[in-house]
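Down below is the structure, laid out as structure tokens.
The values are calculated or read from the model by the stated rules, or taken from the named source; none is laboratory data. Because the structure is a prediction, the values reported are computed rather than measured. Cβ: placed from backbone, ideal geometry, glycine included. Neighbour counts: every protein chain shown.
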Amino acid sequence: MTYYSRAKTGLRPTRGATALNPADVEGIALHWPAMSGRAHTVAGVQALLRGWQNHHMDTNDWSDIAYQEAIDQAGNVYELRGLGVRSGANGDADVNRRFGALLLVVGPGEQPTAALTAATRERIAAHRARFPKSRRIVGHGQIRPGGTQCPGPAVQGLIGAGSFNPQPAQPAKPARKPSRGRLVDAVIPKLAKARRRSARTDNKPRTRKLTRALTWLRKIKEA
Ligand SMILES: [Zn+2]
């Protein structure tokens, strides 16, 4: 994942930013763009973002591109308004006050990649670190007054499956045992069984040999 600042993407300066109030923020909404094709290069995504910013500022007369951040199919993240700034994407002032807004750059009929899904989880974790009361992850259509098809069936399905839920920190896995240790572990029970059989048949020299081998192996295991 690479994080591209506004400057790197070549976005125009905002005409005004309103900070979100952590007391108001209860969730984050996922969006898809109105795009007919696909964008699979950083330069291609950046050109689209500049175009959408122009449309939002010049045609819609908004203060900036509507979303807080964008995430592409390679898992790259693009700063737009920023996670701390109120979006203009969710439908009206009330839902913009209560929800953040991420733009997933997924074309129609395109499945979100594992890289996009993982980067989105990571950005939602960053959003929650900033807004501790935020618990909901919704598709735009779930909160927009009047509804909308956004973010499309594929993203909406992943929301339903919990694929964007940030994962709790995993406990560190214990280090793998060295291979000699694993070999010794595998051999000891076999030798012990052989020794029991040997003792039953009263084969004293063989039993002694096996006992010595077992003692030696257990010493290796403890070393
Ligand atoms: Zn939307």
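Listing for the model above:
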item: Any chance ARG38 is touching a residue at least 60 places away in the same chain (Cβ under 8 Å), more than 16 Å from the ligand (Cβ to nearest atom) and basic (Lys, Arg); result: yes
item: Among (1) at pLDDT 85 or above; (2) not in a helix (DSSP H, G or I) - the single one ASN96 does not satisfy; result: (2)
item: Candidate set from segment 84-116 (those that are among the polar types (S, T, N, Q) and surrounded by 19 or more Cβ atoms within 10 Å (Cβ to Cβ)); member that is farthest from LEU49 (Cα to Cα); result: ASN96
item: Members of segment 79-88 that are within 15 Å of the ligand (Cβ to nearest atom) and under 22 Å from the mean Cα position of the chain (by Cα); result: LEU80, ARG81, SER87
item: Segment 136-163, subset surrounded by fewer than 12 Cβ atoms within 10 Å (Cβ to Cβ) and either free of Cβ contacts under 8 Å to residues at least 40 places away in the same chain or within 18 Å of the chain's Cα centre (by Cα) (or both), residue nearest to the ligand (Cβ to nearest atom); result: GLY147
item: Segment 85-99 residues that are free of Cβ contacts under 8 Å to residues at least 12 places away in the same chain, paired with ones that are more than 15 Å from the ligand (Cβ to nearest atom) and part of a loop (DSSP other than H, G, I, E, B) (beta carbon under 7 Å, 6 or more apart); result: ASN96/ARG86
item: Any hit, segment 193-203, residues being of a type outside the set (D, E, K, R), at pLDDT 85 or above and surrounded by 10 or more Cβ atoms within 10 Å (Cβ to Cβ); result: no
item: Subset of segment 1-26 that is of a type in the set (Gly, Ala, Ser) and at negative phi - its residue that is surrounded by the most Cβ atoms within 10 Å (Cβ to Cβ); result: ALA17
item: Hits in segment 28-72 (condition: assigned to a strand (DSSP E or B) and within 15 Å of THR9 (Cβ to Cβ)); result: GLU69, ALA70, ILE71
item: Residue list for segment 32-49, filter: surrounded by 15 or more Cβ atoms within 10 Å (Cβ to Cβ) and not aliphatic (A, V, I, L, M); result: TRP32, PRO33, GLN46
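This table checks each residue for (1) of a type in the set (Val, Ile, Thr); (2) assigned to a helix (DSSP H, G or I).
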{"position": "ALA74", "(1), (2)": "no, no"}
{"position": "LEU102", "(1), (2)": "no, no"}
{"position": "THR117", "(1), (2)": "yes, yes"}
{"position": "ARG123", "(1), (2)": "no, yes"}
{"position": "ILE137", "(1), (2)": "yes, no"}
